[in-house]
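Chemist: The structure that follows is given in the form of structure tokens.
The values are calculated or read from the model by the stated rules, or taken from the named source; none is laboratory data. Given the structure is predicted, the values throughout are model-derived calculations rather than measurements. Note: ideal-geometry Cβ built from the backbone for every residue, glycine included; neighbour counts use all protein chains shown.
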Amino acid sequence: MASDKKVFAGPRIRRLRRERGLTQARMAADLGISASYLNLIERDQRPVSVQILLKLAEVYDVELRTLGGDDEAQALTALREVFADPLFRDAGLTGQDLQDMAGASPVAADAVARLYRAWQESVTNGSILAERLADRDMGDGAEAPGLPLEEVRDFINSRNNHFPELDDAAERLYTQMGLGADEPYVSLRNTLRDMHGVSTRVVPADMMPLELRRYDRHRQTIFLSELLDQPGRSFQLAYQLGYFEQSRTIEDIVEASGLESDEARRLCRVSLANYFAAALLMPYAAFHKTAEATHYDIRLLGRRFGTSFEQVCHRLTTLQRAGARGIPFFLIRVDNAGNVSKRFSAAGFHFARFGGTCPRWNVHDAFRVPGQIYTQIVQMEDGTRYFSIARTVSRAGSGIGVPGDQYVVGLGCEIAHAPRLVYSQGYDLDDERGAMPIGVNCRLCERLDCSQRAFPPLKHRLTVDDHVRGISPFGVPARSA
């Protein structure tokens with residue numbers, strides 16, 4: 001009979017006692033038994049009678065099923081799975097050890113199991129990422145499954161960062177709105193209100209501590225953070241207007257992109273809406289004409305169209321319309337730790353998919369004097385020369401003690417296009433000796449005479465000589481016979 005079944009619940013009773021902050025003497029008195037008998041129960045040397053179980057439930061207001069061992073059994077199963085891993089082959093844990101762990105604290109046992117699952121996932125993800133890195137940076141060109149951001153970048157690069165359907169639609173809307181007749185932010189705010197019934201509110205930073213823009217569909221209101229400067233506010237409104245006006249066109253482009261994952265498709269939609277926003281603020285024909293007339297003076301273009309330095313640089317990479325092409329630029333954005341957050345490669349400039357950039361490239365020097373434009377001629381390992389422009393861009397912080405973010409935006413083109421740039425004045429563009437030799441990054445660059453290496457080259461064997469110190473800190477290049 002069930003009433004004759006012996007119940008051993010020592011660890012669970014001990015855990016209950018400790019959770020309530022009771023001594024053995026106090027609990028024994030509450031249950032009407034001796035402290036020595038309770039001690040035997042907690043050590044599973046005596047079974048728990050039905051009477052004691054009922055008394056426990058009555059005195060401490062607990063359900064009997066909490067003492068029945070279900071959670072302990074589940075914890076024991078999880079621990080057995082964890083410690084069956086070959087990783088713990090030499091741990092020497094016995095089944096009784098695992099049972100004691102589960103009985104002492106099922107919650108802790110569950111935490112161990114969750115930690116083990118997280119470790120397994122991190123190892124798996126790390127292996128996948130390592131394979132992708134190896135395939136892409138060192139492989140024979142075979143394409144590995146991409147990370148969502150890389151998939152979208154590849155798609156945009158395959159279109160030369162040019163989407164004529166969005167450019168054409170933006171020019172039509174620009175004319176319809178009369179956007180050039182007023183300050184862009186005012187025109188965009190009025191258009192959203194009149195065409196879509198959507199109002200705009202600029203709110204304090206503490207109301208949106210982690211957001212710059214939020215569209216509330218129920219209130220038909222776009223909330224913008226006060227941290228945005230005027231070009232930033234205009235861009236966010238242009239983005240939202242593009243979302244309203246061009247969602248079908250954007251969706252058609254995404255459908256034709258071949259992107260499969262939901263994350264990649266979402267990222268692509270955002271990228272295309274951003275493209276439309278830039279095209280609306282800087283309509284193709286007018287922007288291209290002005291760029292050519294001003295010799296691509298980025299600051300002047302920003303003043304003319306009410307846009308930021310970074311927005312102008314982005315737009316310059318998209319001028320690929322047949323019959324009205326601009327200079328084919330490449331673009332990169334890095335932080336002061338060398339992390340690359342944006343890159344677009346044009347005219348064959350070599351970017352690594354992962355990792356940083358060459359320390360000899362002056363994009364890093366631009367952090368020295370914020371706001372100053374740095375220029376440089378660089379030469380890649382294949383002999384191709386490029387003209388490079390770099391300047392810091394900032395995002396406002398939220399007040400004293402919370403500094404703004406700072407990046408460097410680098411823009412460049414092949415040396416053949418450099419005479420069209422206002423920034424190339426004073427350079428002898430034909431003198432190859434004036435070019436700075438750079439590489440993709442330290443791991444992929446094979447220049448062995450570089451003193452600024454952070455890593456040895458992956459594809460070149462180095463010999464270490466105990467009695468010779470080379471320019472590179474990673475050994476002396478092996479001499480050919």
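Chemist: Go through (1) modelled with pLDDT under 95; (2) surrounded by fewer than 17 Cβ atoms within 10 Å (Cβ to Cβ) for LYS289 and report which single condition fails.
Modeler: The failed condition is (1).
Chemist: I'd like to know if segment 48-70 contains one or more residues that are in a loop (DSSP other than H, G, I, E, B), surrounded by 15 or more Cβ atoms within 10 Å (Cβ to Cβ), in the same structural domain as MET101 (by TED's automatic domain parsing) and modelled with pLDDT of 80 or more.
Modeler: no
Chemist: Filter segment 200-237 down to the residues that are assigned to a strand (DSSP E or B) and either among the charged types (D, E, K, R) or more than 18 Å from LEU179 (Cα to Cα) (or both) and list them by number.
Modeler: Applying the first criterion (assigned to a strand (DSSP E or B)) to segment 200-237 yields 200-203, 213-216, 221-225.
Listed by number, the residues that qualify are ARG201, VAL202, VAL203, ARG213, ARG214, TYR215, ASP216, THR221, ILE222, PHE223, LEU224, SER225.
Chemist: Restricting to segment 300-323, count the residues that are under 16 Å from SER388 (Cα atoms) and of a type outside the set (A, V, I, L, M).
Modeler: So the answer is 5.
Chemist: I would also like to ask the following. If you take the residues of segment 376-397 that are at pLDDT below 90 and under 30 Å from SER225 (Cβ atoms), which of them is surrounded by the fewest Cβ atoms within 10 Å (Cβ to Cβ)?
Modeler: GLY397
Chemist: For the structure I just gave you, tell me whether GLU260 is assigned by TED's automatic domain parsing to the domain that holds HIS162, surrounded by fewer than 23 Cβ atoms within 10 Å (Cβ to Cβ) and assigned to a helix (DSSP H, G or I). Can you show your working first?
Modeler: Values: assigned by TED's automatic domain parsing to the domain that holds HIS162: yes; surrounded by fewer than 23 Cβ atoms within 10 Å (Cβ to Cβ): yes; assigned to a helix (DSSP H, G or I): no.
Criteria not met by GLU260.
Chemist: Return the pairs, sorted by first residue and then second, in which the second residue is of a type in the set (Lys, Arg), the first residue lies in segment 408-430 and is under 15 Å from VAL312 (Cβ atoms), the beta carbons are less than 6 Å apart, and the residues are 6+ apart or on different chains.
Modeler: VAL409/ARG333
Chemist: Is it fair to say ASP154 is within 30 Å of GLU260 (Cβ to Cβ), surrounded by fewer than 19 Cβ atoms within 10 Å (Cβ to Cβ) and over 31 Å from the mean Cα position of the chain (by Cα)?
Modeler: Criteria not met by ASP154.
Chemist: Which one of the conditions (1) more than 28 Å from the chain's Cα centre (by Cα); (2) surrounded by fewer than 19 Cβ atoms within 10 Å (Cβ to Cβ); (3) free of Cβ contacts under 8 Å to residues at least 24 places away in the same chain does SER247 fail to meet, given that it meets all the rest?
Modeler: (1)
Chemist: Same structure again: When you scan segment 425-440, do you find a residue that is within 24 Å of the chain's Cα centre (by Cα), of a type outside the set (Gly, Ala, Ser) and surrounded by 14 or more Cβ atoms within 10 Å (Cβ to Cβ), even just one? Talk me through it step by step, then tell me what you get.
Modeler: Step one: filter segment 425-440 for residues within 24 Å of the chain's Cα centre (by Cα), giving 440.
From the residues that got through so far, the ones that are of a type outside the set (Gly, Ala, Ser) too are 440.
Retained after the next criterion (residues that are surrounded by 14 or more Cβ atoms within 10 Å (Cβ to Cβ)): 440.
Taking every residue of segment 425-440 in turn, at least one turns out to be within 24 Å of the chain's Cα centre (by Cα), of a type outside the set (Gly, Ala, Ser) and surrounded by 14 or more Cβ atoms within 10 Å (Cβ to Cβ).
Chemist: Report, ordered by the first and then the second residue, all pairs with beta carbons closer than 8 Å, sequence separation of six or more or different chains, a first member in segment 32-55 that is in contact (Cβ under 8 Å) with a residue 40 or more places away in the chain, and a second member that is part of a helix (DSSP H, G or I) and surrounded by fewer than 14 Cβ atoms within 10 Å (Cβ to Cβ).
Modeler: Every condition considered, the pairs that remain are VAL50/SER3; LEU53/LEU64.
Chemist: Turning to a different aspect of this structure: Could you tell me how many of the residues in segment 292-306 are within 29 Å of the chain's Cα centre (by Cα), in a loop (DSSP other than H, G, I, E, B) and at pLDDT 95 or above?
Modeler: 0
Chemist: Could you list, in sequence order, the residues of segment 321-359 that are at pLDDT 85 or above, surrounded by fewer than 18 Cβ atoms within 10 Å (Cβ to Cβ) and more than 21 Å from the chain's Cα centre (by Cα)?
Modeler: Within segment 321-359, ARG321, ALA322, GLY323, ALA324, ARG325 meet the criteria.
Chemist: Give me the pairs, please: first residue somewhere in segment 187-204 and without any contact (Cβ under 8 Å) to a residue 12 or more places away in the chain, second residue anywhere and of a type in the set (A, V, I, L, M) and part of a helix (DSSP H, G or I), beta-carbon distance under 6 Å, and either six or more positions apart or on two chains.
Modeler: Between residues of segment 187-204 that are without any contact (Cβ under 8 Å) to a residue 12 or more places away in the chain and residues that are of a type in the set (A, V, I, L, M) and part of a helix (DSSP H, G or I), the close pairs are SER187/MET177; SER187/LEU179.
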